[in-house]
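Note sheet for the following structure.
Read the figures in this text as sums done on the coordinates, not as results from a lab. Source: prediction; values computed, not measured. Every residue, glycine among them, receives a Cβ derived from its backbone with ideal geometry; neighbour counts consider all protein chains shown.
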Amino acid sequence: MHSYEPGAGHRLAHDPLNAIVAPRPIGWISTLSSDGVRNLAPFSFFNLFSYRPPIVGFTTTRWKDSVANVQATGEFVWNLATRPQGEAMNATSAEVAAEIDEFELAGLAGVPSTLVAPPRVAGAPVAFECRLTQLINLRDARGEATEGWVALGEVVMVHITEELVANGVYDTVAARPIVRGGGPVDYFEIREDARFGMRRP
């Protein structure tokens, strides 16, 4: 076994933690600053945490524009990152100044949302409009604050491209979602040949 205490270092070429907890869904989060500047950034520390009410959340390793915008406005939109927009999604991960519009940077258009101010990503087949419920500063085992933050939001509006719903069931594979793997560059696409079924006992 390769065993290590994370605080003392992993002794590998790349931290294995996010390769082990993989694949991870991508939170492609659009926000607006208090001055109305659009922001768009992908977060692989993202997930769905509750059905009722529907709660999604994303985590940052340090204070970023997305978190500052959510704190200031109380709103964000999650956009489904898919293979056709993979390169554009990756472009929005660039570290740029707060006044830079990542929609323009990645050559993406925005679509007006229904209940929140931040725009959706044009071409993203699914989007969740969200209102902030909690903004949490992560703490370590000693109870000390870290640089990480979790933003949790209630989904108040869902948009799904009609082609992804067949006989009342959403088709995960047809959307071609991409997910983050481990290492510095690995992503995966959800594919039909990887599907298997199991019913809960």
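What number does the range 86-143 give for Rg over Rh if you use C-alpha atoms and the Kirkwood radius?
Answer for the range 86-143: 1.08.
Dipole magnitude for the chain: computed about the Cα centre from +1 point charges on Lys and Arg Cβ and -1 point charges on Asp and Glu Cβ, it is near 720 debye. Each part gets one Cα centre, and for the range 1-78 versus the range 87-136 those centres are 14 Å apart. In plain terms, the chain is cut at each of the GluC sites (Glu not before Pro) found in a DSSP loop with at most 11 other Cβ atoms within 10 Å, and the longest leftover piece is 1-94. In the elastic network of the chain, a GNM with C-alpha springs shorter than 10 Å, the most mobile of Gly86, Gly57, Gly168 is Gly168.
Out of the trypsin sites (Lys or Arg not before Pro) in the range 22-64, which ones are loop residues according to DSSP with at most 12 other C-beta atoms within 10 Å? Hits after loop and neighbour filter: Arg62. The relative contact order of the range 115-166 comes to 39 percent, based on Cα pairs under 8 Å that sit 6 or more residues apart. With bins 10 Å wide beginning at 0, the percent of Cα pairs of the range 1-51 falling in each bin runs 19, 31, 28, 18, 4, 0. Taking Arg142, Arg52, Arg131 in turn, the Gaussian network model of the chain (Cα-Cα springs below 10 Å) assigns the largest fluctuation to Arg142.
Rounded is the label for the range 33-131. Its Cα gyration tensor axes, ordered a ≥ b ≥ c, give a/c under 1.5. For the chain, the alpha carbon convex hull comes to 176 Å³ per residue, rounded to a whole number.
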